[in-house]
Every structure is written in C-alpha cells, then in structure tokens.
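The values are calculated or read from the model by the stated rules, or taken from the named source; none is laboratory data. None of the values given here were measured: they were computed from a predicted structure. Every residue, glycine as well, gets a Cβ built from its backbone with ideal geometry; the counts of neighbours run over all protein chains shown. When the accessible area is computed, the model is the full protein with side chains, heavy atoms only, and any ligands, DNA or RNA have been set aside. Shrake-Rupley method; radii C 1.70, N 1.55, O 1.52, S 1.80 Å.
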Amino acid sequence: MPEPPQLAPLDVEEQRLYSKLLPGIFSLSRVKMVDYEVTIFTGSLDQATSYNEVYIKLVGTDGESHRTRLIDYKGSSAFIRGAVSDFTVSCSVSIGKLVLIELDKQRFLFFPEEDWFPAKVVIKSPEGDTYTVPIYRWITDSKVHRYKEGTALRVFEDNHRHGSNSREEELKRRKEEYRWDVYKEGIPHCIKATNPCSLPPEVRFSFTKTVQFTFTALEGMIKLRLEGLADCKTKWKDMHHLNQAFWHKTHMADYVQKHWKEDVFFGYQYLNGINPMLIRCCTALPSNFPVTDDMVFPHGQSSLEEEMKKGNIFLVDYKLLDGVETNTINGKKQYLMAPLVLLHKTPQDQLMPIAIQLKQTPADDNPIFFPTESEYDWLIAKIFVRSADFNMHELNVHLLRTHLLAEVFTVSLLRNVPMVHPLYKLLIPHTRYTLQINILARLLLISETGIFTQYAASGGEGMITILKRSTASMTYSSLCIPEDIAERGLEDVPNFNYRDDGLRLWDIINRFVQGVLGYYYKNDAEVKQDSELQEWISDIFVHGFLSKESTGIPQSFTSVTELVKFVTMVIFICSAQHAAVNSGQYDFDGWMPNAPSSLQSPPPTKKGATNEATMLDTFPDVNATVHVMATVWLLSKQSTDFVPLGHYPKNHFTEETPCKLIKKFQERLEEFEASVKARNGSLEVPYTYLIPSEVENSVAL
C-alpha cells in the first residue's frame, strides 16, 4: 500500500493567517439559532390534500428566513385534508415582527403536481408572539405565493409599516383574474367568465356542493322524464292530472296547494310570501285604475277615501311589465299582463283583494274584477296576477336585487381590496359561491336555451326589457329595509313577518358592522383617505348602478356612518334578503296554479265566460310546468356545506376585538332566532325564511 502524501509544514505567514481565521470558524459553529414554530392548517375541503413538497419563507420587519422545506414526522401526510402539522424554521437572528410569509410547493418524486388548499399558518416567534396568516386559497402551481400576517390593515397603515409592493402585486393579479364584463347593456355588469371552470379555484363550488347541486338537478329531471312529463307538450287534462305531477311536497307547499284559491292567502303572500317587495300603502288611486266606492263597498259600509285615511288600502302595480314582448312556448303565443291590484285591511287584520284590473289602460275590454264575480272569473283574474308576480319576482326581486347586486359587490371586492384589509375580512364570507351560481344562472336559466328563457312568459327579449326597466327604477333606499318599509308606508301593517324579522336582522347586522368598522376607522378622515375603500365603492357605482346618480348610491365614502350603512346593506342583501326571496321558491311556486310561469290564453275581455276548462286551457303546458317546478326545487334546496348567517369557519380576523364582536353577533342572532320560533308557534303559517340558522351567509343558490 502506498504511503499517504506528506503535507509540507506551514510557513510563518500561513501560521499567522490561520490563527486569525480559525477562531471565527469555530465561533460560527457555536452560534445559537432562533427557532420559529410554524403550524400549517390544511383546509377540510374535499381534494384539499397535496403530497408535493412545501416550502416556506418568513419575512419580518428586521429580516427574513431562508426558504425552508417543511418536513415533520408525518412525512407525506403532513398536508392531507384537515391536517394540522408542526414545523420549525430556524434563523441566525430574529427577523423582528412578522410581516408576511412566502409559500410554494414543488413536485415530490413520482407524485404529480397537485392542488393544495392551506387554510392558515400560525407562527410563534422566539419572543413569544403568535402570528396568524389566513390563506383559504388554492395553490395550484409551483410559483411563490405571498400572504400577509392577519392583522387587518388599511392601505395607508400598511404602506407606512411595510411598503406597498406585496399589496400592489396582489391587486394586480386579482384584477387580471376578476374582470368586468357586460352581459346585456342596461343591467349590472358581471364577472368575465365563460363557465365555472374559468373562475379562480378559491371562488368555485366545493366538491360537495358541486356533487349535491348536480344530483338534485338530475334527480328532479330523471323522475319527470320517467313519468313522461318533461317532454309532454300538451295541456293539463284536469286538476287531478296536475296534482299527480306535484312530485315533492314540503309542509308549506302542501299548504299552498290546499289554500291557493282563497283571498286571505292571496293577500297573505304580499306580506309573507317570496315577494313582499311590491305592495305599498295607497293614499290616492292611480288615474288608470277607476275603482269607485260602490264597486268595492256596495252596501255603503265605508268609502275608499275613509279607508285610505285610516291606512287600510294597499296597491300593487305591475306597470314594469306593461308592453313586454312575450314568449312563444311549444309554438304557442304566451300572455303576461301588467295588473293593478287593490287590497283592503279588514277589521280582522286580514289583507283581502277587493279589485283587480289586468291591463294598465282602462277600456271596455279590460274589465275590473271583484270578489263578487263568479268563482272562475275572480279566480282567473287572480291567476293572471300571480303569473305576473312570478315573472316580476324572479327577474326584479330575486335575480336583479340579490344575485346581480351580490355579484357586483363581490367582483369589486376581489378586484380592489386586498386580503389584509378589514373590509375584505368582513365581506369575503358573504361572497361564497356567488360568482359560480350566477355563471350557472346565465348558462342554464337565462341563456337562449335556459329554462327561464324557454318556459317563462317573459323569457327571451321580454326578460331583458324587464331587467333594464327594473335596473333603471332601482334606488339605494329601496335596498335598505328600514327606508324601504317607510317609503311604502308599511310600518303599521299587522302580521307582516318579513318586515318584523327583516328589521330585526338589519339592526343586528348593523350593530355588528358598526363595531367592526368602528374598531378600524376612528374618524371620517380615515375613511376618506382609504383609497382601496374608495375604489371599491366607485366600481360598484359604475358597474352595478351604471353611474346613475339618481339611484342615490354613494360614489365615494365620506364618513364612517355612511360606510357602515352601505356595508350593512351589502351583508343584508347577500344573506337575509336573498333568503327571504329565494328559500321559499318551491314552497310557493312548486304548485303551479299559485304561480304560473306563463299563461297561454289571453285574459278575459268580459265577465261570465270563464270556467274550469278555460282555466286549464290557460295554464302552461305540462312540460313548461314541470321544468319550472324542478328548477324552483333545485334553487330551494340547501347543500350540506351550507354556512348560516354569522358563522365564519374561515377565521380571517385574528385580533381580539373583532373576534369578540363576531361572538356577540352570533349571540344576538341566537336570541333573535329563539324569539322568532316562539312567535311561530302561535301562527297557522310559520314564517321561517329569516330564521338565522336557515339564512345562508351568501348568495349561493
């Protein structure tokens, strides 16, 4: 074996050099590292798991860590659905207060690149501080993603503390992901997306929601096809035939079927049905509705003037439907009237219809109908009114005033407000699933081949006309329930459960919003100087209300009070108002005679010519009836991942005060729910649509 090479002895200069370097080298090996305890929470959504390698970098006010691969004893299961995994990130010195983290994931061995849904990251510093970084977003690529520490900061605070680069990068990316589009001129703008798959992953339906939504839709149509109804283009033979198609009965739907002909129930629906938005107190009859005292009080027991002074006369005017071009279904022209309805509050506190005129212009061939007519003359008049109400409700009250507005609020929030902003944290739970459900509505309901387009009297061009007219007539005050009720003169109407429950919920939401925003905005000046807040409302004014000052919508915020009111309105519309006009759709519209989507005979031009056969001929055909029935069933059925009002499974707020306010909000909702249930116990028809545990946090159906 050869001898190892001999090293030459060090000369004097080399010895001097090494004597200087070696102590430093040895001191480096003795440096005490500072450790940051990092806990990663993977979301509980279906398919949230990733087996990719995950890397993190901590960025603080005084420095940053190295990009560190996160490895713990769980190995490949550290980032599975619902996992809570602990790691240590070591730094040579403290990085100061945490500002943000950088996360990225890379393919591991033979595993493919997988999407991952981290919920949040909690970091405990060596100084004993704990920081929470909310994420709640899908990571679908191998790029580096930056997330801010969870303390809510307005733009001027964040720029002062940490610089604006990461904030600007986030909003630039968001504005590329969420772009405005114009579906039809004259109505609120929408998200630019061709289908749900073109949306960013974090705003799509969950796997659970997708499966259940699809199953419910298929369940209804398969049943109807097996029974040969979905393709049946004939008229209903008789009421028994119609009853056989009423395939799913809820308690309320069954009640509607039994009472739909009754005047008391007809009046009840204007207060506590799914469209309580049209009725108003009448102080003077419209000139085109020539009702006289002897017509409605034939025995002289009272007069219209006296009853109006007492606040006992009410009007519902469907003038927005006047002259709308109607659909052709199964090759047959359809009819949609623009009725006027007069109602009287009786001494028994019942709201009773006393006069119906089916067209706006008085004429000999446009008779006014009264409860004293023959059974079918009076019934057919009410059927034409209920059909008008169906179309007005679905397009104006439901689609426009909840779905389309909620989409405007959502797109503007996602484009203009970063995740760290208190407004984002407050409103993001109320945007869940809204973009996808609206895309589906445009694809499946109001497109050229959509259910509404095919089977509603206003489907097609008439639908757009109604939406344009409704948008043009929309005002800020009509979207705020306290002002809306006052403007319609309905403060003292008895048995008005929508009003009573809605006002209570508005107040509870308002107090919550006041607490949260009051915590972050101490004075009006701070509101004025928050550019992201101002961009949010500016976008809403332009894209939602088409820059029309006549709507009364603010173009900017000048005070905390103004901001609180507007945000209260946003949350109320996205939760309570949508529940009030959506959740009962099958209850009230499932039994077609109570809410026909279309009618295929013209209204009677004289009295005494209507009977049951006439009524059956007027009803929509079998296929039109059952397609609409299946649709309102689908739109009334909650999924199992439903999130009720006031519940925030994603903890975007990390500060103590907002968290306490959320808890107080939930307590007030629970107290309110208990009082509603106690009241409902004494009602023949319980009003359940605004029970907080039944109200979804967002427009998700």
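Report Rg/Rh for the range 420-520, rounded to two decimals, where Rg is the Cα radius of gyration and Rh the Kirkwood radius.
On the way: Rg = 18.4 Å, Rh = 17.1 Å.
Rounded to two decimals, Rg/Rh equals 1.08.
Could you compute Rg(Cα) / (2.2 N^0.38 Å) for the chain, with N its residue count?
Scaled against compact globular proteins, the figure is 1.18.
With labels modelled as points extended 7 Å from the Cα through the Cβ direction, what inter-label distance (nm, one decimal) is found for Ser682 paired with Asp617?
Label-label distance for Ser682 and Asp617, simple model: 5.0 nm.
Give me the Kirkwood hydrodynamic radius of the range 471-530, using the inverse of the mean 1/r over all pairs of distinct Cα atoms, in Å to one decimal.
13.8 Å
Compute the whole-percent fraction of alpha carbon pairs in the range 357-492 spaced more than 19 Å apart. Spell out each step's value before the answer.
Values: 6098 of 9180 pairs.
Value for the range 357-492: 66 percent of Cα pairs lie more than 19 Å apart.
As an exercise, use a Förster radius of 35 Å and the Cβ-Cβ distance of Asp46 and Glu169 to find the FRET efficiency, rounded to the nearest 0.05.
Working: r = 30 Å, r/R0 = 0.85.
It comes to 0.70.
At 25 °C and 0.890 mPa s, what whole-number value in µm²/s does Stokes-Einstein give for the translational diffusion of the range 266-380, with Rh from the Kirkwood sum over Cα pairs? Don't skip to the answer; put the middle values down first.
Working: Rh = 15.3 Å.
For the chosen part, D equals 160 µm²/s.
Straight-line reach only, C-alpha to C-alpha below 19 angstrom: list the lysines that Lys249 could link to, leaving out same-chain residues fewer than 8 apart.
In chain and number order, the partners are Lys223, Lys258, Lys261, Lys637.
How far apart, in nm, are two points set 7 Å out from the Cα along the Cα-to-Cβ line at Cys659 and at Gln106?
Taking the two extended label points, one gets 3.5 nm.
Tell me the label-point distance for the pair Ser547, Asp524, using the 7 Å Cα-to-Cβ offset, in nm and rounded to one decimal.
So the two model labels end up 2.7 nm from each other.
Of all the accessible heavy-atom surface of the chain, with the other protein chains kept in place and a 1.4 Å probe, what percent is carbon and sulfur? The partial results should precede the final answer.
Values: 15780 of 29940 Å².
Carbon plus sulfur share of accessible area: 53 percent.
So if the hydrodynamic radius of the range 465-610 is defined as the Kirkwood radius over C-alpha pairs, what does Stokes-Einstein give as its diffusion coefficient at 37 °C and 0.692 mPa s, in µm² per second?
D = 180 µm²/s.
Rounded to whole Å and sorted largest first, list the principal axis extents of the Cα atoms in the range 317-362.
48, 23, 16
Rg and Dmax in Å for the range 165-318, alpha carbons only: what are they?
25.5, 78
Counting only chymotrypsin sites (Phe, Trp or Tyr not before Pro) that sit in a DSSP loop (anything but H, G, I, E, B) with at most 11 other Cβ atoms within 10 Å, what is the longest stretch of the chain containing none of them? Write down the numbers at each step before the final one.
Numbers: sites that count: Tyr73, Phe110.
With a cap of 11 other Cβ atoms within 10 Å, the longest stretch comes to 111-701.
Could you check how many percent of all C-alpha pairs in the range 230-288 are farther apart than 17 Å? Could you put the intermediate results ahead of the total?
Values: 1028 of 1711 pairs.
Within the range 230-288, distances greater than 17 Å cover 60 percent of Cα pairs.
Give the accessible surface of the chain per residue, rounded to a whole number of Å², with probe radius 1.4 Å and ligands, DNA and RNA excluded. Walk me through the intermediate numbers first.
Working: 29940 Å² over 701 residues.
In whole numbers, the chain has 43 Å² accessible per residue.
Taking the alpha-carbon distance from Lys333 and a cut-off under 16 Å, which aspartates and glutamates remain once sequence neighbours fewer than 8 residues away in the same chain are dropped?
Qualifying aspartates and glutamates at Cα under 16 Å: Glu325, Glu461, Asp617, Asp621.
Please give the contour-minus-distance gain from Asp129 to Ser556: 0.36 nm per residue of separation, less the Cα-Cα distance, rounded to one decimal in nm.
Value of the extension gain: 149.9 nm.
For the range 445-525, what's the relative contact order in percent, using C-alpha pairs closer than 8 Å and at least 6 residues apart? Before the final figure, lay out each step's value.
Values: 25 pairs, mean separation 10.7, N = 81.
13 percent.
Return one quarter of the surface area of the convex hull spanned by the alpha-carbon atoms of the range 547-650, equal to its mean projected area, in nm².
Working: hull surface 48.6 nm².
Dividing the Cα hull surface by four gives the mean projection, 12.2 nm².
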